[in-house]
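Beneath this line is the structure, given in structure tokens, with notes to follow.
The values are calculated or read from the model by the stated rules, or taken from the named source; none is laboratory data. Since the structure is predicted, the reported quantities are computational estimates derived from the model, not experimental observations. For neighbour counting, all protein chains shown are included, and Cβ atoms are generated from backbone atoms with ideal geometry for every residue, glycine included. Calculation scope for accessible area: heavy atoms of the full protein, side chains included, ligands and nucleic acids excluded. Shrake-Rupley method; radii C 1.70, N 1.55, O 1.52, S 1.80 Å.
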Amino acid sequence: MEKRILLYLLICWSLASNLEKSMAAKTRHYNFEVGYIYWSPDCEERMMIGINGRFPGPTIRAKAGDTIVVKLKNSLPTEGVVIHWHGIKQLGTPWADGTASISQCAINPDETFVYRFQVDKAGTYFYHGHYGMQRAAGLYGSLIVDAPDGEEPFRYDAEHSLLLSDWWHESVQAQTLGLSSIPFRWVGEPQTILINGRGQYNCSLAHFTGETSLCKITNSQCAPVVLRVLPNKTYRLRIASTTSLSSLNLAIGNHKMTVVEADGNYVKPVIVDDIDIYSGESYSVLITTDQNTSSNYWLSIGIRGRLPKTQPALAIINYHPNSLSKLPSSKPPVTPQWNEYSHSKAFTYKIVAMDGTPMPPAKSNRQIALLNTQNKIDGYIKWSINNISLAVPPTPYLGSMKYGLKNVFSAEKPPENFSEDYDVMRPPINPNSKKGSGVYKLEFNSTIDFILQNTNTLSENVSEIHPWHLHGHNFWVLGYGDGKFKKSDVAEFNLKNPPLKNTVVLFPYGWTAIRFVTNNPGVWPFHCHIEPHLHMGMGIVLAEGVEFVSKIPNEALACGITGQKLRN
């Protein structure tokens with residue numbers, strides 16, 4: 001009863017505090033038809049997934065407080081589809097989170113599903129497929145939420161958006177088969193890094209000299225991205241990464257950048273020469289166009305954290321009135337060495353909250369440690385968390401938990417810790433794991449700490465980067481460390497100005513600590529945002545306050561056991 005009263009008071013407070021904004025809020029309607037298309041994102045034509053016959057998908061733009069309505073028709077002939085609105089908390093609409101088998105049923109071919117949700121917070125976001133590996137097939141687009149009039153804390157004259165992704169010439173069906181085969185077949189490195197869906201395979205714009213160039217720009221689908229700017233102005237660059245695998249580094253020739261936003265949260269401004277950005281992250285940076293106005297400049301994006309076999313992506317900062325086709329005279333910025341993690345950590349540690357950002361509770365009610373390991377199940381290579389590889393059930397968790405259905409997912413309580421004698425610097429002594437579909441049930445309105453612990457893979461001297469994304473919440477990043485997490489490390493947590501984010505990096509052989517409050521009723525995944533890793537089981541499922549979720553639309557329940565009950 002006390003929890004229900006508390007929830008009621010929170011809702012009343014929220015309604016009252018946002019009444020004035022809601023009166024000015026708008027409902028913005030979009031029609032999406034998802035289907036296969038032929039496209040040439042890097043000048044090599046391939047079959048991919050598009051929206052309304054194009055790639056990337058349409059940009060959604062709104063103001064904080066607006067309601068977004070997306071009527072999505074699935075025109076894929078043989079596959080289901082869902083779309084996740086990355087970074088949007090889905091307050092009061094957990095069934096619209098767009099996670100197959102967790103928040104909703106996959107939308108079947110020729111069926112339509114209507115996503116309706118409020119964008120409550122200004123920031124740089126994006127959306128993407130969350131079924132199988134459809135994100136790697138091209139199912140994504142930008143989602144920008146502007147601050148209400150007069151509430152943007154940073155001044156700038158104009159802005160540009162950069163949606164970064166990686167691209168393979170092999171189909172995602174073939175990639176998926178390889179990940180689930182014996183012998184194991186890894187997806188390999190991408191052929192191309194794309195900027196706003198455009199790249200140039202097997203050529204470098206930096207060597208483009210016209211007719212003598214090896215670069216053959218065959219059509220506008222792979223034309224170089226050109227950002228037009230006026231001299232002596234301040235521009236906001238909104239940068240989001242929806243890569244399937246790649247960690248990236250971005251730099252602009254002759255220009256410094258001031259980081260002001262991370263994952264839809266303002267941060268203390270910090271001036272940098274380049275930024276590292278991991279899959280699932282977004283940043284806003286400010287640049288001043290105060291360089292030689294007779295020149296254009298390179299914007300360069302290279303691979304981090306993996307031995308790069310993919311050439312850097314390039315865009316052009318075009319100073320008016322220079323020609324759009326005028327190439328910069330200087331060489332593009334060079335990406336730091338792929339394994340220079342000290343460079344990556346130095347940037348990451350600089351990101352702290354802007355003054356006035358809500359601070360975390362001083363203590364947590366519960367600490368859960370998650371050991372990321374590479375394991376084997378019946379000879380198949382998998383990723384596991386505390387020795388359990390996630391395998392979601394056919395009936396979505398949200399509906400089954402809301403309506404008390406039995407035997408839908410594992411009743412076994414997932415482990416909240418791992419053995420103290422586990423050596424994170426060596427391959428697992430016993431590589432065998434098991435599949436699981438259990439749920440971490442969290443008390444509503446409690447404070448939870450997650451300790452993400454990285455380890456060695458099945459191969460000697462290999463530990464990989466894992467960017468972890470939490471649905472339905474922002475969290476405070478309390479700290480990072482090298483090696484194995486110790487109880488004494490809690491004393492070093494940053495409780496003064498920890499940044500609020502929804503995606504955080506876990507460095508090789510290290511740990512990352514986050515804290516959040518379970519104040520959003522629903523069932524939420526928390527997982528590695530590298531698509532093959534999630535496909536191989538690197539994730540968990542959280543549930544909080546499910547009893548407070550309002551009636552779930554029938555369309556989200558039309559599969560598995562809930563679907564049978566609806567039909568009966």
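Per-structure values
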| quantity | calculated |
| --- | --- |
| DSSP bridge orientation in the chain - percent antiparallel, rounded to nearest 5 | 75 percent |
| Accessible area of the chain belonging to carbon and sulfur atoms, whole % at 1.4 Å probe | 51 percent |
| Positive minus negative residues near residue 46 (Lys, Arg vs Asp, Glu; Cβ under 15 Å) | -3 |
| Sequence-distant residues sharing a close amide H with residue 352 (under 5 Å, placed H) | 268 |
| Label-point separation in nm, residue 490 to residue 272, each point 7 Å along Cα→Cβ | 3.1 nm |
| Unit charges on C-beta of K, R, D, E only; dipole of segment 45-135, Debye | 320 debye |
| Low-density loop positions, trypsin sites (Lys or Arg not before Pro), segment 344-387 - DSSP coil, at most 12 other Cβ in 10 Å | 363 |
| For segment 78-88, 3J(HN,Hα) per residue [Karplus equation, 6.51 cos²θ - 1.76 cosθ + 1.60, θ = phi - 60°, Hz, x = Gly/Pro] | 9, 10, x, 7, 9, 10, 9, 9, 5, x, 8 |
| Sequence-distant residues sharing a close amide H with residue 159 (under 5 Å, placed H) | 236 |
| Positive-end extreme of charge dipole, the chain - chosen from 394, 473, 50 (charges on Cβ) | 394 |
| Estimated 222 nm signal from helices in the chain, with DSSP H stretches of n ≥ 4 weighted -39500 (n - 2.57), rounded to 500 | -3000 deg cm²/dmol |
| Residues whose placed amide H lies under 5 Å from that of residue 434, excluding near-sequence neighbours | 389 |
| Unit charges on C-beta of K, R, D, E only; dipole of the chain, Debye | 640 debye |
| Segment 158-350 - Debye-derived log10 I(q)/I(0), Cα point model, q = 0.07, 0.10 Å⁻¹ | -0.21, -0.43 |
| Karplus (6.51, -1.76, 1.60) ³J(HN,Hα), θ = phi - 60°, over segment 343-351, in Hz, Gly and Pro reported as x | 5, 4, 5, 4, 5, 4, 5, 6, 7 |
| Using θ = phi - 60° and Karplus 6.51 cos²θ - 1.76 cosθ + 1.60, couplings along segment 297-312 (whole Hz; Gly, Pro as x) | 9, 7, 10, 10, 10, x, 7, 10, x, 9, 4, x, 10, 10, 5, x |
| Rg/Rg_ref, segment 141-242, where Rg_ref = 2.2 N^0.38 Å and atoms are Cα | 1.48 |
| Dipole axis of the chain (+1 Lys, Arg; -1 Asp, Glu on Cβ), positive-most option in 530, 186, 113 | 113 |
| Beta bridge orientation in segment 158-350: antiparallel %, DSSP, nearest 5 | 75 percent |
